[in-house]
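These notes concern the structure reproduced below.
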Ligand code: ADP
């Protein structure tokens, strides 16, 4: 508060002092000139006693001296403003590397700091946007190229039925990948634009997790996975549809990254403030260097795209959990397994 007050009064004081010194210097120089003129006899008696000539001479001398001093002093101020205008112009044209180093008056230093912070933030957003567009274009182009290639091969009449079926399966798989990419991007933009949680209601989250497990039963069975579910009924206030996506995503990943005959465990704990849900698998695990990146958009540990997915699932999950004021963390040991821990405050 006192800092703000001193910031507010420092600029007027700065300007008042400048004006005061301009006056003072003007008066001193004018006085000195007239004193010297008197000493060297340039001012004769008649002139000094004339009621008009002397004041007019003083006025002209003051105007010339004052204007010269003001022009010199204001150049520094105007220079700072010019630098600022130039910086904003460069920023507006997309150069986010621009930084200001203005020091005085103190307001200009604050202006520089705020400008630099704004440029940094805008630069960060720009990098994120470019990365997103590049990743999206790459993820989008790969299946399209594949579909085009196989569609061309399929025009060949000499293909056997097995070959034809195999290529058609690839076309179907790649178009499914495209459809899932489109709906994931849509979901991500929807949750990213939400600042507060909408459609909040009380519902049994334990029941919801069990239903998600049931929904994926066919996938569990296909890989002969052993399942251990330890979930109680609990009424939570949240967005039912969004939280459903969280459980489906975490379970789907656990299935995807666990080899056949592996084991998956889902547990729920409740402490005083939070509901804690743990999804544990004995799958391939995540390398320690990859761990900090798994919640990034489009990040996939396996860049060969051999497993279904596009790397958006966990980015969506994290955003949904944050909308519920909760946290999500991951612990993993390569070739041993992974545990995702979701914590949601129960009082929300
Ligand atoms: P994807 O669509 O690839 O599953 P996600 O955002 O859901 O995208 O996950 C990002 C990456 O995190 C995955 O590609 C995978 O490398 C890693 N990952 C997520 N869950 C697991 C898990 N349970 N076991 C091992 N790796 C996982």
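Going by how many other beta carbons lie within 10 Å of each one, how would you line up 112, 10, fewest first? Write out the running numbers ahead of the final one.
Numbers: 112 19, 10 15.
Least to most surrounded, the residues fall as 10, 112.
Quick check of the Kirkwood formula: for the chain, what is the inverse mean of 1/r over all pairs of different Cα atoms, in Å?
Numbers: mean 1/r = 0.0368 Å⁻¹.
Taking every pair of different Cα atoms in the chain, averaging 1/r and inverting gives 27.2 Å.
Based on the Cβ-Cβ distance from residue 59 to residue 121, what FRET efficiency comes out when R0 is 56 Å, to the nearest 0.05? Let's see the in-between values first.
On the way: r = 53 Å, r/R0 = 0.95.
With R0 = 56 Å, the Cβ-Cβ based efficiency is 0.60.
Quote the FRET efficiency, to the nearest 0.05, computed for residue 104 versus residue 137 with a Förster distance R0 of 51 Å and r equal to the Cβ-Cβ distance.
0.60
Mind pulling the angle between the C-alpha long axis of helix 205-215 and the longest principal axis of the chain? Nearest 10 degrees, somewhere in 0 to 90.
It is inclined by approximately 50 degrees.
Suppose the chain between residue 303 and residue 235 were pulled fully straight at 0.36 nm per residue; how much longer would it get relative to their current alpha carbon spacing?
Gain on extension, residue 303 to residue 235, equals 20.5 nm.
Using a cut-off of under 18 Å, list every residue of the stretch 327-348 whose amide N is near the label point 7 Å from the Cα of residue 290 along the Cα-to-beta-carbon line.
Counting backbone N atoms under 18 Å from the label point, the list is 329-341.
Measuring from label point to label point, each 7 Å out along Cα→Cβ, what is the residue 335 to residue 186 span in nm?
4.3
Given all pairs of different Cα atoms, what value in angstroms does the Kirkwood hydrodynamic radius of the stretch 209-348 take?
Numbers: mean 1/r = 0.0651 Å⁻¹.
About 15.4 Å for the stretch 209-348.
Can you show me the helix-derived [θ] at 222 nm for the chain, built from DSSP H runs with n ≥ 4 at -39,500 (n - 2.57) apiece and divided by the number of residues, rounded to the nearest 500. If you can, show how the numbers build up before the last one.
Details: 9 runs with 210 residues, N = 348.
Calculated at 222 nm, the ellipticity per residue is -21000 deg cm²/dmol.
Counting alpha carbon pairs within less than 8 Å and at least 6 residues apart, what relative contact order, in whole percent, applies to the chain?
Relative CO of the chain lands at 12 percent.
For the chain, take the longest principal axis of its alpha carbons; what is the angle in degrees between that and the long axis of helix 161-193, to the nearest 10 within 0 to 90?
Helix 161-193 and the main axis of the chain meet at about 40 degrees.
Sort 229, 279, 39, 191 by Cβ crowding within 10 Å, fewest neighbours at the top.
On the way: 229 14, 279 22, 39 9, 191 19.
Ranked by crowding around the Cβ, least crowded first: 39, 229, 191, 279.
Suppose the chain between residue 219 and residue 261 were pulled fully straight at 0.36 nm per residue; how much longer would it get relative to their current alpha carbon spacing?
Separation in residues times 0.36 nm, less the Cα-Cα distance, equals 13.9 nm.
Can you sort 181, 54, 251, 188 by how many other beta carbons sit within 10 Å, fewest first?
54, 188, 181, 251
Relative to the longest principal axis of the C-alpha atoms of the chain, give the angle of the C-alpha long axis of helix 106-154, reported between 0 and 90° and rounded to the nearest 10°.
30
Taking the Cβ-Cβ separation of residue 38 and residue 77 as r and a Förster radius of 41 Å, what is the calculated FRET efficiency to the nearest 0.05?
Once the sixth-power term is evaluated, E becomes 0.70.
Classify the stretch 118-247 from the C-alpha gyration tensor, please: rounded if a/c falls under 1.5, else prolate or oblate depending on whether a/b exceeds b/c.
Here the stretch 118-247 falls in the oblate category.
Taken together, the values in this text are just the output of simple stated rules run on the coordinates, not laboratory data. Everything numeric here is computed off the predicted structure, so don't read it as measured data. All Cβ positions, even for glycine, are placed from backbone atoms using ideal geometry, and neighbour counts span all protein chains on display.
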